[in-house]
Amino acid sequence: MEGMAYGAGKAGGAFNPITFFQQPHTILRILSWFFSIVIFGSIANEGYVNRPDEAQEFCIFNRNQNACNYGLFMGILAFLCCLAFLALDVYFPQISSVKDRKKAVLADVGVSVFWSFMWFVGFCFLANQWQVAKQEDNPLREGGDAARAAITFAFFSIFTWAAQSFFGYQRYKLGADSALFSQDYIDPSLDAGAAGDPYTSFTAGGDDLEDGDPVGGSSYQGINGKGGGGYQEY
């Protein structure tokens, strides 16, 4: 795409919020942000239950504290990560260095792949622990909707983060294939040998050759010493 470097134009352009929020990459980040809120919110609010004869609460996922801790920690961390990359997306068009843009895009791809994998692990972990949970540990089936919501949105998060990594890779390819913003690009206005420079005739001794004066400003002298502007006939 002409005039673009890693998915954004030249630095210094005005920020357009409407265009920004219509981008697929931005929509996916907002969805991932929302899903992370649902995951850690569901576990924090209704993810701990107890039997009627117990005072202490346990994790709703088979009383496995690691399952709840995983969902809480990863949900909060994903929430913060989404906010950080949304802020980076807003600032990205202002980055003038192509190398810095490349680093930002590669970080986006790497982090998105990481989160897609982590939510895949989280989905499998939470779904397994919910499946093997004993009914006597939660006879009233309290928090069942919250547990299923955490599992469902962990599953959705796999695809939203994977899609982000795909769009990030597309931005990387766009920047890598861009001739205008390649690292070896030389501004024609700075190229000493650029075509289109006006022709300047060679001068010597301050006189222009086009005026008929020879190099050095001297003229050919004939035998009789009268050089004039031409040869003297014998």
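The values are calculated or read from the model by the stated rules, or taken from the named source; none is laboratory data. Only a predicted model underlies this, so the values are computations on that prediction, with no experimental measurement involved. Don't worry about glycine lacking a Cβ; one is built from the backbone with ideal geometry, like all the others, and counts go over all protein chains shown. All accessible areas refer to the heavy atoms of the entire protein, side chains included, with ligands and DNA or RNA removed. Shrake-Rupley method; radii C 1.70, N 1.55, O 1.52, S 1.80 Å.
Every condition in (1) of a type outside the set (Val, Ile, Thr); (2) open to solvent by less than 30 Å² (accessible area, probe 1.4 Å); (3) under 24 Å from residue 37 (Cβ atoms) is met by residue 137 except one, and the failing one is (3). When we screen 69, 64 for residues that are within 32 Å of the chain's Cα centre (by Cα) and either loosely packed, with under 13 Cβ neighbours inside 10 Å or among the polar types (S, T, N, Q) (or both), the only hit is 69.
Looking at residue 128, is it farther than 30 Å from residue 170 by Cβ and at pLDDT 95 or above? If you could, list the steps in order and put the result at the bottom.
Numbers: farther than 30 Å from residue 170 by Cβ: yes; at pLDDT 95 or above: yes.
Criteria met by residue 128.
All of 39, 18, 27 fail the test of being assigned to a helix (DSSP H, G or I), open to solvent by 20 Å² or more (accessible area, probe 1.4 Å) and within 25 Å of residue 150 (Cβ to Cβ), apart from 27.
Here the range 50-59 is the region considered, the condition is being part of a loop (DSSP other than H, G, I, E, B) and touching a residue at least 24 places away in the same chain (Cβ under 8 Å), and the residue that is surrounded by the most Cβ atoms within 10 Å (Cβ to Cβ) is 51. Residue pairs whose Cβ atoms lie under 9 Å apart, separated by 6 or more positions or on different chains, with the first residue in the range 60-88 and under 16 Å from residue 146 (Cα atoms) and the second at pLDDT below 95 and of a type in the set (Lys, Arg), are 62/134; 63/134.
Restricting 117, 125 to residues that are without any contact (Cβ under 8 Å) to a residue 24 or more places away in the chain, part of a helix (DSSP H, G or I) and open to solvent by 30 Å² or more (accessible area, probe 1.4 Å) narrows the list to 117.
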